[in-house]
Amino acid sequence: NHKYINNNKFNYIPLSGFQPSFVEKSNCNNLLFFGRIEPYKGIENLYQLGEKLLGHNLNYKIIIAGKGEVPKISNLPSNITIINNFIPEEELRDLHESALFTVLPYNSATQSGVIIQSFAYGTPVIAYDVGALGEYVDHLKTGILVKHNDFDAIIDFLVNLDQSAYLNMQDNVRFKFNHKYCDRSFASYSKSLYKSWGISCID
């Protein structure tokens, strides 16, 4: 919690370590989940979202891409594709080219490098407002934050999304990544922090 940290004189160093790799998007109607599949990440919530999208006749596909144990379901919604293996960088880049948003349907979380990696590709994020995820996503600027399993909020957002608003989100994502999460910004912030502690840094 940034407020707690600031009030108690702790120092906060954001996650980083990604190079910008902004992609030109084409045929964007995919909602992408990527990363290792773990129980807390709420894959089953994506199954419900898929059913809701079909129920509203919305032409979005959900791509689940990652290694791990995928929750079993008797009737997988027809708009969901599962790629259940490790995703190399080149394939991940291809997935982001057709991804309108990265989706984080997490049941719980502390922080997530997935958000920053999405920003590195220029992809806005739809995330549940759990754990510290809300510290990374600026609502309606770099994506949206919704309450846990608030499918109606996601549906309403997608129905009313226009191209201008989406392109503005992309611009915000790129700006935020370049000014906060890229290696250069991380190095600059870290040097300033170390100098404030009286530690010499090599430029």
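The values are calculated or read from the model by the stated rules, or taken from the named source; none is laboratory data. Note that the coordinates shown come from a computational prediction; the quantities given were computed from them, not determined experimentally. Note: ideal-geometry Cβ built from the backbone for every residue, glycine included; neighbour counts use all protein chains shown. Surface accessibility is based on the protein's heavy atoms, side chains included, excluding ligands, DNA and RNA. Shrake-Rupley method; radii C 1.70, N 1.55, O 1.52, S 1.80 Å.
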Here, Leu140 and Tyr40, labelled 7 Å along Cα→Cβ, have an inter-label distance in nm of 3.1 nm
Step through the residues of segment 144-155 one at a time and calculate ³J(HN,Hα) from phi using the Karplus curve (6.51 cos²θ - 1.76 cosθ + 1.60, θ = phi - 60°), rounding each to whole Hz and writing x for Gly and Pro.
-> 9, 10, 10, 5, 3, 6, 7, 5, 4, 5, 5, 4
Using a 10 Å cut-off on Cβ atoms, rank the peptides 22-30, 150-158, 116-124 from the highest mean neighbour count down.
-> 116-124, 150-158, 22-30
Just the accessible area for Asp94, please: 1.4 Å probe, Å², rounded to the nearest 10?
-> 80 Å²
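Using the beta-carbon distance between Lys180 and Arg93 and R0 = 30 Å, what value does 1/(1 + (r/R0)^6) give for FRET efficiency, to the nearest 0.05? Can you show the working numbers first?
Values: r = 22 Å, r/R0 = 0.72.
Step by step, r from the Cβ atoms, then E = 0.90.
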Rounded to one decimal in nm, the spacing of the 7 Å Cα→Cβ label points at Lys72 and Asn27 is 3.3 nm
What are the residues whose amide H is under 5 Å from the amide H of Phe18, where those residues sit 5 or more places off or on another chain and H is modelled from the backbone?
-> Asp183
So what are the ³J(HN,Hα) numbers for segment 172-177, from phi and the Karplus equation (6.51, -1.76, 1.60; θ = phi - 60°), rounded to whole Hz, Gly and Pro as x?
-> 5, 5, 5, 4, 5, 4
Report the full-extension gain for the segment Leu161 to Asn59: residue separation times 0.36 nm, less the Cα-Cα distance, to one decimal in nm.
-> 35.4 nm
Gain upon complete extension [Asp171, Asp152; 0.36 nm per residue less C-alpha separation] = 4.2 nm
Gain in span if fully extended, Gln48 to Ala132, counting 0.36 nm per residue against the direct Cα distance = 27.9 nm
What does the charge add up to near Glu38, with Lys and Arg as +1, Asp and Glu as -1, over the other residues with Cβ less than 13 Å from its Cβ?
-> +1
